[in-house]
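Below is one structure, written out as structure tokens, with a few remarks after it.
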Amino acid sequence: MSPFALCIATIVALSLLGLPIGLLGLPIGHAMIAGSIFYLLLAGQDLSIAAEQLLNGMYTNYVILAVPLFILAAELMNIGSMTERLLRFCDALVGRFRGGLAQVNVVQSVIFAGMSGSAIADAAGTGRMMQAMMTKDGKYPPSFAAALTAVTAVIGPIIPPSIPMVLYALVSDASIGFLFLGGVIPGLLMALAQMSLIGATARRRNFPVEAPVPLRELPGITWRAFPALMMPVVLLGGIYGGATTPTEAAAVAAAYALAISVLLYRSVSLRAFYASLAYSARTTASIGMLIAGALVFNYVVTIENIPESLKVFLSGWDLSPIGFLILVNLILLVLGCLLEGTAILLIVVPVFIPTAKALGIDMVHFGVVVVVNIMLGLITPPYGLLLFVMTNITGVPLRDIVRECMPFLGAMLVALALITFIPELVLWLPRLMGYQG
């Protein structure tokens with residue numbers, strides 16, 4: 001059997017082994033664990049290996065702690081009045097232009113991207129508010145408003161902090177700090193692509209021009225939003241100033257969001273605080289189960305020597321680094337239509353990493369390209385999670401949201417191509433801060 005056939009056969013076999021669990025409606029993490037244990041049973045290996053891999057992986061990776069802390073930070077922002085103040089600030093900046101409220105949607109996502117690290121948190125946090133603002137008095141079609149909130153939320157995990165980048169660092173041993181820096185310019189490039197398309201669409205569809213916020217009110221609006229605007233500075237300043245690790249910075253971000261919401265804005269009730277803790281715990285548990293399943297699954301992939309076999313197989317194709325990146329882009333974009341992003345990061349991406357290293361592809365550049373691909377998967381049918389989130393929040397039919405998303409997806413694919421073909425768009429800022437990769 002050829003190495004490629006072996007790779008495909010093993011992955012398909014493991015997927016089928018876990019399929020009965022998946023068909024019962026249980027999480028994919030359970031399916032991966034069940035399939036891996038069944039594999040160990042058939043291979044005659046000690047079944048306790050599964051527990052050993054799970055415990056060693058979960059309890060020795062300090063970086064995993066950043067995930068629940070960033071989730072909690074995002075929730076604490078959403079239950080306070082930080083969201084409203086930031087939206088008012090964004091409206092004062094760009095609301096005066098044609099299609100201004102649509103531009104506000106992009107700008108607020110860029111600002112929130114520096115706080116939460118989660119696309120779902122960004123969409124859920126501002127989704128209802130932006131939908132109400134944009135559709136009031138028929139200013140924008142409900143489908144366009146819902147689609148725009150979905151596509152702008154994609155920016156969240158690209159600009160630091162980023163939960164997907166934390167997970168990529170877990171499987172690649174790349175520096176989280178430099179990955180965060182590498183995402184800044186690509187994230188801004190995605191925002192620029194969206195704002196350019198909004199500008200053209202606003203003229204073509206005659207979207208309204210909002211009444212400009214008087215300049216004399218701008219200092220007051222900025223001052224009221226200033227504590228919230230300082231959150232990315234506190235978080236990233238701690239990391240790159242050497243005061244905190246990325247995991248510690250996540251804890252600082254959560255504590256800062258709580259302090260601002262409770263002590264300064266006085267907008268958090270005990271009931272809302274408890275609800276945010278409960279939601280963060282449930283979300284963390286679901287991600288943790290997926291990580292646990294991936295740790296056991298990846299052990300099976302490793303002992304079957306699938307990454308090395310794939311590297312040997314692809315070396316026969318004599319791919320250049322750019323050719324390999326194009327191939328990875330195509331595979332990840334297709335998988336993004338079918339699988340959840342975290343599963344792709346933890347199961348599929350580790351198979352490509354040895355080949356990427358052998359071709360001399362920088363792990364920070366590769367990581368940002370991977371994360372952008374996975375974020376685009378959040379708005380590609382039939383599985384795009386952000387599409388379902390916005391359908392639930394707004395009540396707009398899924399097909400209408402998908403139709404409005406397609407032009408934005410095309411614009412962001414152009415941005416992905418630039419990031420892929422011009423590594424310096426990713427690596428310039430990390431190298432400015434001392435990255436030697």
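The values are calculated or read from the model by the stated rules, or taken from the named source; none is laboratory data. A quick note: this is a predicted structure, and the numbers were derived from the prediction, not measured. Note that we place each Cβ from the backbone using ideal geometry, even for glycine, and neighbour counts take in every protein chain shown. Remember, those area values only see protein heavy atoms, side chains included, never the ligands or the DNA or RNA. Shrake-Rupley method; radii C 1.70, N 1.55, O 1.52, S 1.80 Å.
Just a few scattered comments:
- Calculated on the Cα set of the stretch 78-198, radius of gyration then Dmax: 14.7, 51 Å.
- Residue ranking by accessible heavy-atom surface, 1.4 Å probe, largest first, among ILE111, ILE291 comes out as ILE111, ILE291.
- As computed over the stretch 190-264, the Cα convex hull volume per residue (Å³): 153 Å³
- Förster radius 45 Å - calculated FRET efficiency between ARG203 and PHE421, Cβ distance, rounded to 0.05: 0.90
- Within the shell of other residues whose beta carbon sits under 13 angstrom from the beta carbon of GLU210, the net charge comes to +3, with Lys and Arg scored +1 and Asp and Glu -1.
- Global dimensions of the stretch 320-372 from alpha-carbon coordinates: Rg and Dmax equal 10.5, 30 Å.
- Largest first and in whole Å, the equivalent-ellipsoid semi-axes of the stretch 341-437 read 31, 16, 11, each the square root of five times a Cα gyration tensor eigenvalue.
- PHE273 - accessible surface, heavy atoms, 1.4 Å probe, Å² rounded to 10: 60 Å²
- P(r) tail for the stretch 231-270: Cα pairs beyond 17 Å make up 33% of the total.
- Once all protein chains are placed together, ASP137 keeps about 140 Å² accessible to a 1.4 angstrom probe.
- Cα centroid separation, the stretch 184-224 to the stretch 392-437 (Å): 18 Å
- TRP223/ALA259 FRET efficiency (R0 22 Å; Cβ-Cβ; nearest 0.05): 0.80
- Per residue, the convex hull spanned by the Cα atoms of the stretch 126-256 measures out at 147 cubic angstrom.
- Using a Förster distance of 30 Å, the FRET efficiency for LEU385-SER269 (Cβ separation, nearest 0.05): 0.55
- Accessible area of GLU340 in the full protein assembly, 1.4 Å probe (Å², nearest 10): 50 Å²
- Modelled spin-label separation between ILE331 and VAL213, with each label point placed 7 Å from Cα along the Cα-to-Cβ direction: 4.6 nm.
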